[in-house]
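Take a look at the structure set out below.
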Ligand code: UT7
């Protein structure tokens, strides 16, 4: 008898954005920029901002509740929470246990994964490992970031780019040939280029700084841009080859929403038609670890993702980190 492969199967989806909208026009009243520049260089028209009354955990809980409802899962059935975030509520401890407690999940396995904008892919892989290893049967995977808290309000290079939000999925143990089964994964990093996107101060290396800008994100945009498309295309090719899919098989490409031009050039490198791209950056900006599940939820709601479609996921971000995975889209409710 053939042994069946234990796979992580996506069975629930939810996403949540804070209500406060920050438009390009509003940014242009404060900084030397314009709606025209931001739209044409990034594809972003507006983003959401979590005010001081709202934290990463708050957003993660809101998205998590929706994902659990969509999975139809009883809360106690979830036996692990993996939270992808680079903006935990506190530097220490991790935020995932607080998310689990607020969701009433009991004393479950709960851990943060920090791979910044690639975090959601790394969290999916971590959860898949828990499932494949028999460590968990049903995992809530959340991508949540309040990235605007890392952005220098006076920096026109980063203020227009980033927004806040959260998205979540539920993964359950299942078979590799089911709709929704995730994998293979390609995950990579290059820490030699860590300084291309970095918050220099506040960690164990540079504990204090007299320059307040050191506590905000320092991004070398052009250098990041150059790396992002090629790396996402490389990782995408790796997982396609491993799965035995061709580029022509891919119905939808859900890439990290950093810049519409990065998504378009990744599609070009891959030879993927532009209409396979799932794009929601216009309304969200770059929400870091939340961007892929937010894009999934928007596409699901808009009827732009159908059960059985072949979906490629890819991300790139600070670290540097990047990766890809794929699945055949499952039939989902709610979202
Ligand atoms: O999630 C992963 C992390 N981040 C990313 O993936 C971001 C990747 N990088 C990017 O998306 C792009 O590099 C940016 C959107 C950040 C910048 O776009 P760009 O086309 O690379 O612009 P640039 O940095 O080459 O700047 C072009 C010009 C410069 O002026 P000069 O030197 O040509 O006179 C900038 O000073 O645009 C100027 N500029 C701006 N002008 C108006 C830079 N930011 C702005 C702005 N408004 N906000």
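Quick note: the coordinates plus some simple rules give every number you see, no bench work behind them. The structure displayed is predicted, hence computed values, not measured ones. No Cβ is skipped: glycine too gets one built from the backbone with ideal geometry, and neighbour counts run over all protein chains shown.
Quick one: angle between helix 221-243 and the longest Cα principal axis of the chain, in degrees between 0 and 90, rounded to 10, please. For helix 221-243, the angle is close to 10 degrees. For the peptides 84-93, 10-19, residues were scored by their other Cβ atoms within 10 Å and the scores averaged per peptide; the highest-first order is 10-19, 84-93. Working note: Debye formula, equal point scatterers on the alpha-carbon atoms of the chain, no solvent; log10 I(q)/I(0) at q = 0.12 Å⁻¹ is -0.77. With the simple spin-label model, which puts each label point 7 Å out from Cα in the Cβ direction, the residue 222 to residue 194 separation comes to 2.6 nm. Hey, what angle do you get for helix 119-132 against the long axis of the chain, alpha-carbon based, 0 to 90 degrees rounded to 10? The two axes meet at around 20 degrees. Counting only Cα atoms, the size of region 6-175 along its three principal axes is 53, 30, 25 Å, in decreasing order.
The calculated FRET efficiency for residue 23 paired with residue 207, based on their beta-carbon distance and R0 = 25 Å, is about 0.10. Full extension of the chain between residue 54 and residue 214 yields a length gain of 55.2 nm, computed as 0.36 nm times the residue separation minus the alpha carbon distance. For region 105-130 versus region 151-222, the spacing of their alpha-carbon centroids is 14 Å. P(r) tail for region 185-328: Cα pairs beyond 27 Å make up 25% of the total.
Using alpha carbons only, how many degrees (0 to 90, rounded to 10) separate the axis of helix 291-301 from the longest principal axis of the chain? With rounding to tens, the tilt is 60 degrees.
In plain terms, the chain from residue 102 to residue 249 could stretch by 48.8 nm, reckoned as 0.36 nm per residue minus the Cα-Cα distance. In terms of surrounding Cβ atoms within a 10 Å radius of their Cβ, 209, 314, 70, 288 rank from fewest to most as 209, 70, 314, 288. The length gained by stretching the chain between residue 331 and residue 69 to full extension, at 0.36 nm per residue less their Cα-Cα distance, is 92.9 nm. Panel order for 265, 34, 128, by other beta carbons found within 10 Å of each beta carbon, from fewest to most: 34, 265, 128.
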